Amino acid sequence: MQIRAVFFDVGNTLLKPHPSVSEVCRQVLAQAGHVHDLSAIDRLMPLVVAYYEDRYRDDDTFWTSEEETSSVWVGMYSVMCRELGIHADAAELAGRVYEEFGDASRWRLYDDVLPAFERLRERGIRLGIISNWDSRLTRVLEGLGVGDYVETIVSSADVKLRKPDPRIFELACSRLGVGVSDAAHVGDHHYSDIVGATAAGMRAVLVDRSGSAATRAESGAVADFDRLEEALGLE
């Protein structure tokens with residue numbers, strides 16, 4: 001198989017929250033007069049993540065709706081607010097946190113992303129994005145300079161399809177005029193990225209930026225993009 005295009009997931013694949021989810025929450029709460037130590041908010045992050053994971057396991061189609069997607073995120077941060085003793089305006093403050101993450105300044109690219117993009121483009125490989133994200137994705141990525149490298153940005157809320165549905169991968173490939181057998185997808189989530197891309201007929205590469213060497217070896221994941229070409233079978 002000759003790879004003509006490589007698509008990428010976004011969160012935990014290309015970028016991460018800046019300075020951190022907890023710090024953004026702390027700042028938003030402090031601006032509203034609710035001052036809390038960062039450590040107190042850090043301790044609540046497992047509850048926030050658990051809320052998301054429960055919703056995702058229950059019905060991941062929320063990613064195909066702008067309204068449902070925002071509702072899930074507001075629900076997550078509302079849990080945090082209530083645990084901190086903030087009840088009356090929990091939803092309002094959670095909404096402010098959600099809005100913050102629509103700003104490119106609240107995200108940072110991993111250091112190896114743009115160099116990897118450059119290397120792939122030097123090989124004549126076309127680049128694109130396939131992500132379960134809301135409609136603000138293009139604005140965020142363009143603000144981080146990713147728009148200069150990719151030819152299409154496919155967000156689930158925009159196209160009303162979500163990973164791992166093979167149709168979202170097929171749609172992205174059609175936008176670049178390449179067949180799925182000539183394309184690869186790189187992402188951090190086994191179910192949505194690897195299962196989905198493989199079902200569509202694409203080569204799939206799992207990236208695990210936070211795991212241990214042992215867990216990466218077990219899953220076949222790469223730790224970063226330094227040897228991405230090897231994982232893609234280009235070397």
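The values are calculated or read from the model by the stated rules, or taken from the named source; none is laboratory data. Here the structure is a predicted model, which is why all the values come from computation and not from measurement. So basically every Cβ, Gly included, is an ideal-geometry build from the backbone, and we count neighbours across all protein chains shown.
Kindly indicate whether residue 139 is touching an Asp or Glu at 6+ places or on another chain (Cβ under 9 Å), within 23 Å of residue 171 (Cβ to Cβ), part of a helix (DSSP H, G or I) and at pLDDT 95 or above.
Working: touching an Asp or Glu at 6+ places or on another chain (Cβ under 9 Å): yes; within 23 Å of residue 171 (Cβ to Cβ): yes; part of a helix (DSSP H, G or I): yes; at pLDDT 95 or above: yes.
Yes: the conditions hold for residue 139.
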remark   = Inside the range 62-104, the number of residues satisfying the requirement of being over 16 Å from residue 32 (Cα atoms), assigned to a loop (DSSP other than H, G, I, E, B) and free of Cβ contacts under 8 Å to residues at least 40 places away in the same chain is 1
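Test residue 174 against the stated conditions and say whether it is within 21 Å of residue 105 (Cβ to Cβ) and at pLDDT 95 or above. Walk me through it before giving the result.
Working: within 21 Å of residue 105 (Cβ to Cβ): no; at pLDDT 95 or above: yes.
Criteria not met by residue 174.
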query = Taking the range 88-135 as the search range and keeping residues that are surrounded by 16 or more Cβ atoms within 10 Å (Cβ to Cβ) and of a type in the set (Ser, Thr, Tyr), which one is nearest to residue 192 (Cα to Cα)?
reply = 131
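Looking only at the range 164-179, which residues are touching a residue at least 60 places away in the same chain (Cβ under 8 Å) and not small (Gly, Ala, Ser)?
Here is the first cut: in the range 164-179, the residues touching a residue at least 60 places away in the same chain (Cβ under 8 Å) are 169, 172-173, 176, 178.
Of everything in the range 164-179, those that are touching a residue at least 60 places away in the same chain (Cβ under 8 Å) and not small (Gly, Ala, Ser) turn out to be 169, 173, 176, 178.
Within the bounds of the range 105-113, is there any residue that is touching a residue at least 12 places away in the same chain (Cβ under 8 Å), closer than 30 Å to residue 229 by Cβ, of a type in the set (Phe, Trp, Tyr) and not in a helix (DSSP H, G or I)?
First pass over the range 105-113, keeping only residues touching a residue at least 12 places away in the same chain (Cβ under 8 Å): 105-110, 112-113.
Within this subset, residues satisfying the condition of being closer than 30 Å to residue 229 by Cβ are 107-110, 112-113.
Filter once more, so that each one left must be of a type in the set (Phe, Trp, Tyr): 107, 110.
Among the residues that remain, those that are also not in a helix (DSSP H, G or I) are: 107, 110.
Checked the range 105-113: at least one residue is touching a residue at least 12 places away in the same chain (Cβ under 8 Å), closer than 30 Å to residue 229 by Cβ, of a type in the set (Phe, Trp, Tyr) and not in a helix (DSSP H, G or I).
Identify, please: which residue in the range 180-235 is of a type in the set (D, E, K, R), free of Cβ contacts under 8 Å to residues at least 24 places away in the same chain and buried (at least 16 other Cβ atoms within 10 Å of the Cβ) and is, among those, farthest from residue 7 (Cα to Cα)?
The initial filter retains those residues of the range 180-235 that are of a type in the set (D, E, K, R), namely 182, 188, 193, 203, 208-209, 216, 218, 224, 226-227, 229-230, 235.
Okay, now just the ones that are also free of Cβ contacts under 8 Å to residues at least 24 places away in the same chain, so 208, 216, 218, 227, 230, 235.
Applying the additional criterion that residues be buried (at least 16 other Cβ atoms within 10 Å of the Cβ) yields 208, 216.
Values: 208: 16, 216: 21 Å.
Top of the filtered list is 216.
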inquiry  = Return the residues of the range 1-60 that are touching a Ser or Thr at 6+ places or on another chain (Cβ under 6 Å) and either among the β-branched types (Val, Ile, Thr) or part of a strand (DSSP E or B) (or both); say none if nothing qualifies.
reply    = 10, 41
Filter result (closer than 28 Å to residue 153 by Cα and either of a type in the set (A, V, I, L, M, F, W, C) or touching a residue at least 60 places away in the same chain (Cβ under 8 Å) (or both)) within the range 14-47 = 14, 15, 16, 17, 18, 21, 24, 25
note = Going through the range 114-132 in order, the residues found to be outside any strand (DSSP E or B), in contact with a strand residue (DSSP E or B) (Cβ under 8 Å, 6 or more places away or on another chain) and closer than 11 Å to residue 8 by Cβ are 117, 120
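Every residue, every condition in (1) within 24 Å of residue 60 (Cα to Cα); (2) among the polar types (S, T, N, Q); (3) under 16 Å from the mean Cα position of the chain (by Cα), yes or no:
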site	(1), (2), (3)
142	no, no, yes
154	yes, no, yes
157	yes, no, yes
184	yes, no, no
201	yes, no, no
210	yes, yes, yes
216	no, no, no
